[in-house]
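Student: Take a look at this one; I'll ask things after.
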Amino acid sequence: MLFGWRWPTPTDAAMLFGTGFTNAIGQWFWTKALHLAPAPAVTPFYYLMLIWALMFGFLIWGDVPSASLLVGSAIVVITGLFLFLRESRLQRQLAAR
């Protein structure tokens with residue numbers, strides 16, 4: 001980047017700003033959700049980001065996810081949901097005692 005630096009065009013600068021601003025707002029909402037609700041209730045929605053990223057990648061840029069990406073994503077989502085269900089079951093058992 002030292003010798004290849006170019007100033008972004010106004011369109012590129014607007015997209016960079018828009019991306020940063022949108023991500024900042026999203027992070028604020030995520031932090032607020034974790035503040036207002038218990039983490040086990042909020043975390044399953046975190047995995048929806050993976051699904052949205054796959055959909056946007058395909059619809060906007062035409063990226064076709066590979067089989068290994070889909071398998072790995074499924075493992076991550078299933079594991080997260082399993083842990084969520086297990087923890088909620090443990091919380092109910094502790095509350096019943």
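Student: Using only C-alpha positions, report the orientation-averaged shadow area of the convex hull of the chain, nm², one decimal.
Tutor: Average projection, Cα convex hull of the chain: 9.7 nm².
Student: For the pair T31 and M15, how long in nm is the line joining their label points, each one 7 Å along Cα→Cβ?
Tutor: Going from the T31 label point to the M15 one covers 2.8 nm.
Student: Nearest 500 deg cm²/dmol is fine: what mean residue ellipticity at 222 nm does the chain get from its DSSP H runs of n ≥ 4 alone, each adding -39,500 (n - 2.57), divided by its residue count?
Tutor: Per the formula, -28000 deg cm²/dmol.
Student: Keeping the other protein chains in place, figure out the carbon and sulfur percent of the accessible area of the chain, with a 1.4 Å probe.
Tutor: About 74 percent, which is the carbon plus sulfur part of the accessible surface.
Student: Calculate, for the chain, the solvent-accessible area per residue in square angstrom, rolling a 1.4 angstrom probe over the heavy atoms of the protein chains.
Tutor: 87
Student: How much length, in nm to one decimal, is gained on full extension between M49 and W61, taken as 0.36 nm per residue of separation minus their Cα-Cα distance?
Tutor: Separation in residues times 0.36 nm, less the Cα-Cα distance, equals 2.6 nm.
Student: Now, a different point. Taking H as built 1.01 Å from N, whose amide H comes closer than 5 Å to the amide H of D63, not counting residues under 5 places away?
Tutor: Answer set, sorted by chain and number: F58.
Student: Indicate the helices, whole DSSP H runs only, in the chain that combine a mean Kyte-Doolittle hydropathy of 0.0 or more with a Cα extent along their long axis of 24 angstrom or more.
Tutor: Span-like helices here: 10-36, 67-96.
Student: What do you get when you divide the Cα radius of gyration of region 18-67 by 2.2 N^0.38 Å, with N the number of residues?
Tutor: Here the answer is 1.39, to two decimals.
The values are calculated or read from the model by the stated rules, or taken from the named source; none is laboratory data. Since the structure is predicted, the reported quantities are computational estimates derived from the model, not experimental observations. Here Cβ is always computed from backbone atoms with ideal geometry, including for glycine, and neighbour counts include all displayed protein chains. Please note that ligands, DNA and RNA were not included when accessible areas were found on the heavy atoms of the full protein model with its side chains. Shrake-Rupley method; radii C 1.70, N 1.55, O 1.52, S 1.80 Å.
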